[in-house]
Amino acid sequence: MDVPCVRLDNTEDAVAKLKTGDAVLFLADGYPETTTVLSEQVFQELNRKQIKTYLEFPGTLPGFEFKPVRRALFERVVVVEGVFGEKLKPLDLLCIHDCHFAETEADQPLMVLARVAGYDTAIFGIDDVEKFPILFKHQNLVVSTTKLSQFVTARYATQASMQAVWQYLFKELLPNGEIPVLAWEPLVGPTYEKNEPLPENARLLAIQRGIDWHGRAGMVLNEKGWKDFQEYWGLLSGFMTRPAMSRFWRR
């Protein structure tokens, strides 16, 4: 299904062109340095026209207070509500690389950022951990405190999870429309399927490919890099030489 859309750089112009019942997405082009700031007048018009709105990485929202933007360190995105279909259930984890978020509080968030244990799911739950809203609904808005729209270029994972998230967002914006499943070819992906048997040399291949990746990425230290490394860690030339450090890493 083709959905006609128009891109505008000025929020006031965008709202002025919208008709009652239309949908609009305010995307965070300035992420992560600049939040998305809308005027009070824009919010009033969105509410008056009952415009279905997706707002990401906001710096303003009536009734909400935002603290300075934070960067996630150990936290991961956790699904809270079962609104995303069978492919994304409560306590499932999403990988949003280098996640910066506008810290605020929200009742009944759909997804949160939290420091949890688990690989695919938060196996111990999230009741006893600090949580930060990542996606929530407010009146006629769906609000993301981070940037979800760069899911392709930033390689958010899993692909099926991000498809489920955007399927939900588009259904909220176009409740009477037939929403196609977003499809794209990831630049990177797992070598083997989840339940595929591994070959006997899988561990060796993983080590070899890991070494090759560090070389291609330019992460092998040259002479200057090695000197800087020693100075950074306070290593004296007589205390630990390059061969000694190599033996230390192999242990």
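Odds and ends about this structure:
- The lone exception for residue 130 - which of (1) free of Cβ contacts under 8 Å to residues at least 40 places away in the same chain; (2) not assigned by TED's automatic domain parsing to the domain that holds residue 35 it fails: (2)
- Residue in segment 152-171 that is over 23 Å from residue 136 (Cα atoms), surrounded by fewer than 14 Cβ atoms within 10 Å (Cβ to Cβ) and either modelled with pLDDT of 80 or more or assigned by TED's automatic domain parsing to the domain that holds residue 92 (or both) present: yes
- Some residue of segment 181-197 being modelled with pLDDT under 95, among the small types (Gly, Ala, Ser) and surrounded by fewer than 19 Cβ atoms within 10 Å (Cβ to Cβ): yes
- Within segment 68-84, residues that are without any contact (Cβ under 8 Å) to a residue 24 or more places away in the chain reach partners that are outside any strand (DSSP E or B) and surrounded by fewer than 19 Cβ atoms within 10 Å (Cβ to Cβ) with beta carbons closer than 7 Å, at six or more positions or on different chains, in the pairs 82/89; 82/90.
- Answer residue from segment 7-43, given it is among the aliphatic types (A, V, I, L, M) and more than 25 Å from the chain's Cα centre (by Cα) and is nearest to residue 179 (Cα to Cα) among those: 18
- When each of 145, 104 is tested for being in contact (Cβ under 8 Å) with a residue 24 or more places away in the chain, in the same structural domain as residue 63 (by TED's automatic domain parsing) and buried (at least 18 other Cβ atoms within 10 Å of the Cβ), the lone residue that passes is 145.
- Condition check for residue 77: surrounded by 13 or more Cβ atoms within 10 Å (Cβ to Cβ), not polar (S, T, N, Q) and not in a strand (DSSP E or B): no
- Being more than 20 Å from residue 169 (Cα to Cα), assigned by TED's automatic domain parsing to the domain that holds residue 114, of a type in the set (Lys, Arg) and out of contact with any strand residue (DSSP E or B) (no Cβ under 9 Å at 6 or more places or on another chain) holds for only one residue in 67, 19, 49, and it is 67.
- Number of residues in segment 116-164 that are at negative phi and under 15 Å from the mean Cα position of the chain (by Cα): the value is 26.
- Residue satisfying condition, being in contact with a strand residue (DSSP E or B) (Cβ under 8 Å, 6 or more places away or on another chain), modelled with pLDDT of 90 or more and outside any loop (DSSP other than H, G, I, E, B), within set 38, 25: 25
- When restricted to residues that are without any contact (Cβ under 8 Å) to a residue 24 or more places away in the chain and either buried (at least 20 other Cβ atoms within 10 Å of the Cβ) or of a type in the set (Phe, Trp, Tyr) (or both), segment 37-67 contains 1.
The values are calculated or read from the model by the stated rules, or taken from the named source; none is laboratory data. From a predicted model like this one, the values you see are computed outputs, not experimental measurements. FYI the Cβ positions are ideal-geometry reconstructions off the backbone, even for glycines, and counts take in every protein chain you see.
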